[in-house]
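**Q** Below is the structure I would like to discuss, written out as structure tokens.
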Amino acid sequence: MNQSEVKETDVYTIVTNRIIERLEKGSVPWQKPWTHAGHPQNLVSKRYYTGINVWMLASLGYTQNYFLTWEQVKKYGASVKKGEKGNLVIFWKRIVSQESEGENAVQKTKSLLRYYFVFNIAQCDHLPEILTIPYPAYQISLISGCEEIIERMPKCPTIKHTKHLAYYHPVKDYINMPKQSSFTSAEGYYCTLFHELIHSSGHPSRLNRKEIAEPNAFGSDPYSIEELTAEIGACYLNSVAGIINKELENSVAYINGWLKVLKDDKRLIVFASGQAQRAVDYILNVPLNKKPEEEQFEVEEGVLL
């Protein structure tokens, strides 16, 4: 297929089908932490991947999450090992066009979803010494503990422990959590709390996500989007904090539930991942000067598919 023939809807389908394949094998890719392998990043540019690309790459299970494009592999005289396949990365490409309306020319911009492939360093041979492996210097991962993450959050809602339920109250803007002693581990407590913190980031006084700001019925499309956003965002925060939730039980019903939702809406997983990245950046007090989907990937001409 020619590059120009790749439709945006095709990219959504490709990404979603890959996620569905993993779910059907009993693996929930967004729950795979990057704690030990490092935050996925490009080995040459040293830039970190964001949004859905983070956990798509982290879930591959490499011991070190450093990747190169095909053009970068060739540029440095390296090679891809026989039988190895590229790993999908998506990005948004801005298209600027001039349209005439009467005597005035109007400039219009639209964003198209595209993808390319990267290779992990474990898939490559003959990488030159000039491509040094970076120190694990992902600035957010320097946070030493879960409490520091909570302290970083601007306008953090009140966290109560009055009921034996975990939930976020969007109208009164507070989080209720069971007491920590009721969890079998501290990790389980904070993983649950992170889920509710992601929900709270959508309050009108923060990111003003319509899935939180507007009332939505259980099981509706906005409800599903918000739940997936909170699940993925919480997993991001788990990896940033360096914790693994060993209490997660990926039941058949849980996996089948997400399979149905994703099969019904091919755009949901990409959209929810972007929302989750924005929520995490807000909680960690990272400047929101760039939308996650506008990540500055170094994509060479000729590697888009």
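**Q** Give me the percent of the accessible area of the stretch 201-265 that comes from carbon and sulfur atoms, probe 1.4 Å, all protein chains in place.
**A** On the way: 1740 of 3210 Å².
Looking at the stretch 201-265 in its full context, I get 54 percent from C and S.
**Q** A further question on this structure: Among the listed pairs Lys85/Lys266; Lys163/Lys246; Lys172/Lys260; Lys246/Lys266; Lys32/Lys85, give every one whose C-alpha distance is greater than 26 Å.
**A** Details: Lys85/Lys266 24 Å; Lys163/Lys246 24 Å; Lys172/Lys260 32 Å; Lys246/Lys266 30 Å; Lys32/Lys85 20 Å.
Pairs exceeding the cut-off: Lys172/Lys260; Lys246/Lys266.
**Q** Show me 52-58, 16-22, 252-258 ranked by packing, highest mean number of other Cβ atoms within 10 Å first.
**A** On the way: 52-58: 25.0, 16-22: 16.0, 252-258: 13.3.
Highest to lowest by the protection proxy: 52-58, 16-22, 252-258.
**Q** Along the three principal axes, how long is the stretch 1-94 when you take its alpha carbons, biggest first, rounded to the nearest angstrom?
**A** 38, 37, 30
**Q** Same structure again: Once you wrap a convex hull around the alpha carbon atoms of the stretch 214-289, what is its projected area averaged over all directions, in nm²?
**A** Values: hull surface 25.1 nm².
Convex hull of Cα atoms, orientation-averaged projection: 6.3 nm².
**Q** Right, here's the next one. Taking the alpha-carbon distance from Lys82 and a cut-off under 20 Å, which lysines remain once sequence neighbours fewer than 8 residues away in the same chain are dropped?
**A** Counting by Cα, and skipping residues close in sequence, Lys82 has these lysines nearby: Lys74.
**Q** Given the peptides 194-203, 276-285, 30-39, arrange them by the average over their residues of other C-beta atoms within 10 Å, most packed first.
**A** Working: 194-203: 24.5, 276-285: 22.9, 30-39: 19.7.
My ranking of the peptides, most packed first, is 194-203, 276-285, 30-39.
**Q** Compute the normalised compactness of the stretch 139-268: alpha-carbon radius of gyration over 2.2 N^0.38 Å, N being the residue count. Please list the in-between numbers first.
**A** On the way: Rg = 15.0 Å, N = 130, 2.2 N^0.38 = 14.0 Å.
Computed over Cα atoms of the stretch 139-268, the ratio equals 1.07.
**Q** What does the charge count around Asp173 come to, taking other residues whose C-beta lies under 10 Å from its C-beta (Lys +1, Arg +1, Asp -1, Glu -1)? Intermediate results must be reported in sequence, preceding the final value.
**A** Details: positive: Lys155, Lys172, Arg206; negative: none.
Charge balance near Asp173 sits at +3.
The values are calculated or read from the model by the stated rules, or taken from the named source; none is laboratory data. The shown structure was predicted, so the numbers you read here are calculated from the model rather than taken from an experiment. Glycine gets a Cβ as well: all are built from the backbone with ideal geometry, and neighbour counts include every protein chain shown. Quick note on the areas: whole protein, heavy atoms, side chains included, nothing else; ligands and nucleic acids left out. Shrake-Rupley method; radii C 1.70, N 1.55, O 1.52, S 1.80 Å.
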